[in-house]
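*Asks:* Encoded as structure tokens, here's the structure I'll be asking about.
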Amino acid sequence: MAKLKLAVYWGAACGGCDVSILDLHEKILKIGELADIVLWPLAADPKYSDIEAMEDKTIDLCLFNGAVRNSENLEIAELLRRKSKILVSLGSCACFGGIPGLGNLFNKKEIFNSVYLDREFNANEEQIVPKAKVTVPEGELTLPEFYNTVSSLEQVVDVDYFIPGCPPPPDLLWKAIEAIVSGNLPPKGSVIAGDKALCHECPRKREGRKVKEFKRLVDVILDEEICILEQGVVCNGPATRGGCGARCVRANIPCRGCFGPIEDALDQGTQLLSAIASTIDSDNPEEIKKITDQLADPAGTFYRFSLPVSMLKRRKEEGEE
Amino acid sequence: MSERIGVFVCHCGTNISSVVDVEQVAKDAGGWDNVTVAMDYKYMCSDPGQELIQSKIKEHNLTRVVVAACSPRMHGPTFKKTLERVGVNGYLMEMANIREQCAWTSDPGELATEKATALTRAAVKRVNFHQPIKESEVSVNKATLVVGAGIAGIQTALQIASAGYPVYLVEKEAYIGGHMAQFDKTFPTMDCSACVLTPKMVDVNQDPNIDLFTNSQVVGVEGYVGNFKVKVRTEPRYVNLKTCTGCGDCVSACVMKDRIPSEFDEGLGKRSAIYIPFPQAVPLKAVVDKESCLFLAKGKCKQTCIEACQVNAINFQEEEKFTELEVGSIVLATGYKLFDPSIGPQWGYGLYDNVITGIQFERLANASGPTGGKLVLKDGSQPQRVAIMHCIGSRDENYYAHCSRVCCMSSVKFAHQIKEKTGAEVYEFYIDMRCFGKQYEEFYNRVQEEGVQFIRGKGSEVVEVDGQLTVRAEDTLLGVFREIPVDMVILNNALIPQEDSDQVASLFGLCSGEDGFFLEAHIKLAPVNTAVDGVFLAGCCQSPKDIPDTVAQASAAAAQALSAIALGKVKLSPVRAAVEASRCSGCMSCVNICPYGAVGFDKEQKVSVINQALCKGCGTCGAACPTGAITTSHFTREQIMAQIEGVCAQ
Amino acid sequence: MSKKKDFEPLIVGFLCNWCSYTGADLAGTARIKYPTSIKIVRVMCTGMVDPSYVVKAFKEGADGVLISGCHPGECHYVEGNVKTMRREPLLANLLEQLGIERERFKLMWASASEGEKFAKAVQEMTDILKPMGPLNLGGGKKIG
């Protein structure tokens, strides 16, 4: 059997997904046996031009991690889509926008201000922020254009499979690779994870306790047996796809929601909100408001990994038509 | 497969078409996705209108129908049947409410037409996702609960019992008869109230189909139409209902004899602590008022009553009792309360001796009342001049806006009785004379001829001028201000909702109207029905009404209960929630949220399960479900989302 | 289509069948005029209003969303309205983070007899939304 051609790419990502490929441990050698790596910015050194030179659909499998944050991410996403037979959206950022997607609660200007100008530790007296084009005596310099809005991979190109997770668990990744190598392909569009929400695999007991306050994880020592929500700590499990093995909740950490919404979900954030509001133990509007306000960042909490694929995708932009 | 939708836009005469361009709505609708035919018509709900819909269903093989007309609360059932008569499931129809919620609230013009179009578009988008629904039927328990044993409750109970079905009649007081038992005469025929009522009261007591609970209140209601479970609490009477003979020996023996103001006589007479309020009382058994009984209140008494009782019927150890009843229908006949005129010092009630209320007049005039029917002032003398003031607390923005409906006629009755008994001068102060019932106007004319002076103007004040009781009023016919010295003032006070009507409403799941009386399902189409299937209204708890109307409505309520019994089954609302197990992750968000305990949990499968018999279809569990595993039939996510898209599309 | 001179806000109203929808019908029967801005979606109980519906309405172009149900203690389903009451402030906070001003989302109680109260609330909300201008959510944009 001819060796497969494998590409790995990172868009707006932290690198954790690439590391999770390395977390396959000795199986990584198997990948080496099965495939030639034609692109992997983290680990190898081919150039974009090498890819551009290829015939379309030359690459057998492309694992694309990271969200689409700038014009380079978009350009390479489109390029790899053209060149790849199978494009896999790897990790929460590629699948749903992920943590970079929370940038959609702000706009480009605010982000630049915050990163380059407003910080006390910024030594930027000239008030320079990145520009897509800048003319210097030597000529014109370019940088990728930073978009106002983060998108998931699927929002810009056609995607064949999704492996969620921040980072995706190596066992799911391996399962996907095995399926692709063996030709046992699942239906297009499949999410290589569980079908039900995390609660289904959560070992904790739920007894229907309601809460008078919402606490931060740092302020409480969680009981390991009972439902985290019932202990007044937000757990995204009820509206988050399972299949991760419930690793966080088993480690006494609430689900952060990295597997994203379940199949055909309307909106992960509002659905989670509804389930969590149901646990509030009060019939008094003022008290409810007080309890509610203990959740400092509901959008960032409930849409932690999925804002770009949510119903509204981003915060309202002033002056947008 | 795409649907074939027919859109029918109603003019409602000119009700809708004078505000909304209905032709334009129909024309626009004709261009929407899946709309096969769209048309407007003068009266969609009329026979030809319904036939039009039916013929278009057949002609175009329509699979869905949208009727843009009045509120679905008005003609939803009508058009549902229209479809069903041509073999199409009634739930494949949706109404757009372009009358009550558009034409009637908007100025004519483009915006109104746009709104009507948006509502119709929403209905069209929604109806695409409708599913045929088969309504489930449940059997009907043949027993009926009637709450309140005034004339309304008595009439309802007798009517149902006479058809051979069991009735539980629950009365808060120790005796039945309500306000009517206190009345002397009834207008316009001047029949004695007791002559009309007491035979019915006796019938209640003797009818083997009627189980009477006095001193009792409903404290819990569960279940649904056809199958209610009701919990009744009975306060101790301290007198054995079976053995007491009603001889009255205990009453005479009571150490508190003639020392307690009698409620039945509106404080004008006195009674004992153990008492029978009036000679024709039903049940004719003594009752102990635990507040004024020395033994019960203070633990110290010679207990002369126990000595006096020859059948050992008195038992101070008696405790409250709870009874669980199962019934198919419930009729509420909880009546009214009288407005307390001492709230307004301008009327002088409680300030001056000879200012009394209408019901106090009834007791004075009544032959078995405290004066033996003699109409006298506090000092025992006969009044020479009497004022009757209408609308005390009624038709008054400061108190109650509603018309109490009976006071004009009872005032005329009082005037007639005063003339008859004393020949005194009588002045009636009225805003308008409302003599709308059968023989009422004739009765009014007769009393006018008897020389009663009717002054058009609401009595504004009752004062004492140099020790002389005086009524001040503007005579709006003469355009003069008048001060009329009188010996006695009768305040005909408003009929208002019972003190606990809010609690009763929430116990039975009813709504109250703006005036505080229980709200009927539809003022014209369903005047004795309520928002809760199987719960009906009779008498003044719905709104003030006179005895003829009360009796008629009580019979109507009985007919409603009887029709369910006769059919033996009722259709349940098909709006229910259900769990799609393959989507449910077992997070249990829904389990604790259900107010009916309808959501259970299958521990083995780790999924929620909804008990269809307990579910009432509020859909709260569905909204709380974070995975969309719960669907409420006829209010599915797809349907509501489509409707939202419809109203928002420009 | 846009022939309108003035900006007329669009309010999506979720009204419970038993109290507020009946109250809105009563406003009609009593011929109480109020702005055409509100378009009513009938639900059985406000408890049925999934927060996603509210977000959906904004996404589809609503400038305001009004939820109206039975008064607390008078819910036809015992306490469906209380469940809504528990969701409202959290949803309002979330919407604000998404740039949807607090004034654009309102929860109120109107009984079957409070047609006038309902009409007044629609008038008030319309008056507040008018000067705020259209919401114009741009979330649908693909990139950029």
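The values are calculated or read from the model by the stated rules, or taken from the named source; none is laboratory data. Because the structure is a prediction, the values reported are computed rather than measured. With ideal geometry, Cβ positions are generated from the backbone for all residues, glycine too; neighbour counts draw on all protein chains shown. We work out accessible area using only protein heavy atoms, side chains counted, and drop any ligands, DNA or RNA first. Shrake-Rupley method; radii C 1.70, N 1.55, O 1.52, S 1.80 Å.
*Asks:* Using only the alpha-carbon atoms, how far is helix A:170-182 inclined from the longest principal axis of chain A? Give it as 0 to 90 degrees, nearest 10.
*Replies:* Here the helix axis deviates by roughly 40 degrees.
*Asks:* Scan the stretch B:256-328 for trypsin sites (Lys or Arg not before Pro) in coil per DSSP, keeping those whose Cβ has at most 13 other Cβ atoms within 10 Å, and list them by number.
*Replies:* Details: sites: B:Lys257, B:Arg259, B:Lys270, B:Arg271, B:Lys285, B:Lys290, B:Lys298, B:Lys300, B:Lys302, B:Lys321; in loops: B:Lys257, B:Arg259, B:Lys285, B:Lys290, B:Lys300, B:Lys302.
In loop regions of the stretch B:256-328 (DSSP not H, G, I, E or B), the sparsely surrounded trypsin sites (Lys or Arg not before Pro) are B:Arg259, B:Lys300, B:Lys302.
*Asks:* Structure shown: which of B:Lys58/B:Lys80; B:Lys231/C:Lys83; B:Lys229/B:Lys603; B:Lys125/C:Lys83 lie over 22 Å apart, alpha-carbon to alpha-carbon?
*Replies:* The pairs that break the limit, which is 22 Å between Cα atoms, are B:Lys231/C:Lys83; B:Lys229/B:Lys603; B:Lys125/C:Lys83.
*Asks:* May I pose another question? Angle check, please: helix C:115-132 long axis (alpha carbons) against the longest principal axis of chain C (alpha carbons), in degrees 0 to 90, nearest 10.
*Replies:* That helix lies at roughly 10 degrees to the long axis.
*Asks:* What quantity of accessible surface, computed with a 1.4 Å probe and excluding non-protein components, is buried in total between chains B and C, in Å² to the nearest 100?
*Replies:* Details: alone 29550 and 8430 Å², together 33600 Å².
Its buried surface, counting both partners, is about 4400 Å².
*Asks:* Compute the distance in nm between two label points, each set 7 Å from the Cα along the Cα-to-Cβ direction, one at A:Leu42 and one at B:Lys421.
*Replies:* Label-label distance for A:Leu42 and B:Lys421, simple model: 10.1 nm.
*Asks:* In whole Hz, what ³J(HN,Hα) sequence does the stretch B:599-610 give by Karplus (6.51, -1.76, 1.60; θ = phi - 60°), x for Gly and Pro?
*Replies:* The phi angles translate into 9, x, 10, 8, 5, 5, 7, 6, 9, 7, 9, 9 Hz.
*Asks:* Once amide H atoms are placed 1.01 Å from N in the peptide plane, what residues at a sequence separation of 5 or more from A:Ala35, or on another chain, have their amide H within under 5 Å of its amide H?
*Replies:* Long-range HN contacts for A:Ala35: A:Leu4.
*Asks:* Please list, or write none, the aspartates and glutamates whose alpha carbon is within less than 17 Å of the alpha carbon of B:Lys616, excluding same-chain residues fewer than 8 places away.
*Replies:* B:Glu135, B:Glu137, B:Glu222, B:Asp533, C:Glu74, C:Glu79
*Asks:* Once you have a ≥ b ≥ c as the square roots of the Cα gyration tensor eigenvalues for chain B, tell me rounded if a/c is under 1.5, and otherwise prolate or oblate according to whether a/b is larger than b/c. Write out the running numbers ahead of the final one.
*Replies:* Numbers: a/c = 2.64, a/b = 1.55, b/c = 1.70.
Judged from the Cα gyration tensor, chain B comes out oblate (a/c at least 1.5, b/c at or above a/b).
*Asks:* Still on this structure, I have one more. Under the Karplus relation 6.51 cos²θ - 1.76 cosθ + 1.60, θ = phi - 60°, what is the ordered set of whole-Hz ³J(HN,Hα) values for the stretch A:232-244, x standing for Gly and Pro?
*Replies:* Working through the residues one at a time gives x, 10, 5, 10, 7, x, x, 10, 10, 4, x, x, 7 Hz.
*Asks:* Per-residue mean of other chain beta-carbon atoms within 10 angstrom of the beta-carbon, peptide B:590-602?
*Replies:* Numbers: counts 2, 3, 7, 11, 5, 8, 2, 0, 0, 0, 0, 2, 0.
Mean shielding count: 3.
*Asks:* Restricting to chain B, what percent of DSSP beta bridges are antiparallel, rounded to 5?
*Replies:* The antiparallel proportion sits near 50 percent.
*Asks:* Here is a further query. Quick one: order A:Trp174, B:Trp32 from most to least accessible surface, probe 1.4 Å.
*Replies:* So, going from the largest accessible area down, we get B:Trp32, A:Trp174.
*Asks:* For chain A, set up a Gaussian network in which alpha carbons nearer than 10 Å are linked by springs, and say which option among A:Val68, A:Val157, A:Val191 fluctuates the most.
*Replies:* In the Gaussian network model the winner is A:Val157.
*Asks:* Considering only DSSP beta bridges where both residues belong to chain C, give the percentage that are antiparallel (nearest 5).
*Replies:* Working: 1 of 17 bridges.
In chain C, approximately 5 percent of DSSP beta bridges are antiparallel ones.
*Asks:* Protein chains only, probe 1.4 Å: how do B:Tyr399, B:Tyr238 rank by accessible area, largest first?
*Replies:* B:Tyr399, B:Tyr238
*Asks:* What fraction of the DSSP beta bridges in the protein assembly as shown is antiparallel, stated in percent and rounded to the nearest 5? Working shown, then result.
*Replies:* Values: 59 of 146 bridges.
So the antiparallel bridges amount to about 40 percent of the total.
*Asks:* Also, I was wondering about something else. Does the stretch B:306-400 come out rounded, prolate or oblate, given a ≥ b ≥ c as the square roots of the eigenvalues of its C-alpha gyration tensor, rounded meaning a/c under 1.5 and, failing that, prolate meaning a/b above b/c? Don't skip to the end; give the middle numbers.
*Replies:* Details: a/c = 2.69, a/b = 1.41, b/c = 1.91.
Oblate, since a/c reaches 1.5 and b/c is not below a/b.
*Asks:* Still on this model: For the Cα atoms of chain B, what angle does the longest principal axis make with the long axis of helix B:407-422, in degrees from 0 to 90, nearest 10?
*Replies:* 20
*Asks:* Here's a follow-up. Counting only residues 5 or more places away or on other chains, whose amide H sits under 5 Å from the amide H of B:Phe213 once H atoms are built in the peptide plane?
*Replies:* B:Leu169, B:Val170, B:Glu171
*Asks:* Can you give the mean number of other chain Cβ atoms that lie within 10 Å of the Cβ atoms in peptide A:145-153? Walk me through the numbers before you get to the answer.
*Replies:* Numbers: counts 1, 0, 2, 4, 6, 1, 4, 0, 0.
The mean count of partner-chain Cβ atoms within 10 Å per residue comes to 2.
*Asks:* Follow-up question, since we're still on this one. Just to confirm, what accessible area per residue do you get for chain B at 1.4 Å probe, in whole Å²?
*Replies:* Details: 26570 Å² over 650 residues.
Heavy-atom SASA per residue in chain B reads 41 Å².
*Asks:* Show the residues, 5+ positions off or on another chain, whose built amide H is closer than 5 Å to the amide H of A:Thr149.
*Replies:* Counting only residues 5 or more places away or on other chains, the set is C:Gly144.
*Asks:* May I pose another question? In whole Hz, what ³J(HN,Hα) sequence does the stretch C:54-67 give by Karplus (6.51, -1.76, 1.60; θ = phi - 60°), x for Gly and Pro?
*Replies:* Running phi through 6.51 cos²θ - 1.76 cosθ + 1.60 with θ = phi - 60° gives 5, 5, 4, 4, 5, 4, 7, x, 5, 8, x, 10, 10, 10 Hz.
*Asks:* Find the cysteines in chain A that fail to meet the 4.7 Å Cβ criterion with every other cysteine, and list them.
*Replies:* Lone cysteines by the Cβ rule: A:Cys14, A:Cys17, A:Cys62, A:Cys93, A:Cys95, A:Cys202, A:Cys227, A:Cys235, A:Cys244, A:Cys248, A:Cys255.
*Asks:* Please give the average number of partner chain Cβ atoms lying within 10 Å of the Cβ of each residue in C:57-66, rounded to a whole number.
*Replies:* That works out to 4 on average.
*Asks:* Then there's this: Report the extension gain between B:Lys571 and B:Lys231 in nm, rounded to one decimal, defined as 0.36 nm multiplied by the number of residues separating them, less their alpha carbon distance.
*Replies:* Length gained between B:Lys571 and B:Lys231: 120.0 nm.
*Asks:* With a ≥ b ≥ c the root eigenvalues of the C-alpha gyration tensor of the protein assembly as shown, is it rounded (a/c under 1.5), prolate (a/b larger than b/c) or oblate?
*Replies:* In terms of gyration-tensor shape, prolate.
*Asks:* Moving on. Leaving ligands, DNA and RNA out of it, rank B:Met409, B:Met74 by accessible area with a 1.4 Å probe, largest first. Spell out each step's value before the answer.
*Replies:* Values: B:Met409 0, B:Met74 45 Å².
So, going from the largest accessible area down, we get B:Met74, B:Met409.
*Asks:* Could I ask something else about it? Would you mind pulling out the separation of the Cα centroids of the stretch C:34-48 and the stretch B:335-370, in Å?
*Replies:* 47
*Asks:* Shifting gears a bit: Go through the stretch C:16-97 and name the trypsin sites (Lys or Arg not before Pro) that are in a DSSP coil and have 16 or fewer other Cβ atoms within 10 Å of their Cβ.
*Replies:* C:Arg31, C:Lys33
*Asks:* Mean-square fluctuation check for chain A, GNM, Cα pairs under 10 Å: which of A:Leu272, A:Leu80, A:Leu172 is largest?
*Replies:* A:Leu172
*Asks:* If I take R0 = 51 Å and measure r between the Cβ atoms of B:Gln317 and B:Leu478 in this structure, what FRET efficiency does the formula 1/(1 + (r/R0)^6) give, to the nearest 0.05?
*Replies:* 0.15
*Asks:* In the stretch B:557-604, what trypsin sites (Lys or Arg not before Pro) fall in a loop by DSSP, with at most 10 other Cβ atoms inside 10 Å?
*Replies:* B:Lys603
*Asks:* Have a look at A:Arg204, A:Arg256, A:Arg82 and tell me which one the Gaussian network model of chain A (Cα, springs below 10 Å) gives the largest fluctuation.
*Replies:* Judging by the Gaussian network model, the answer is A:Arg204.
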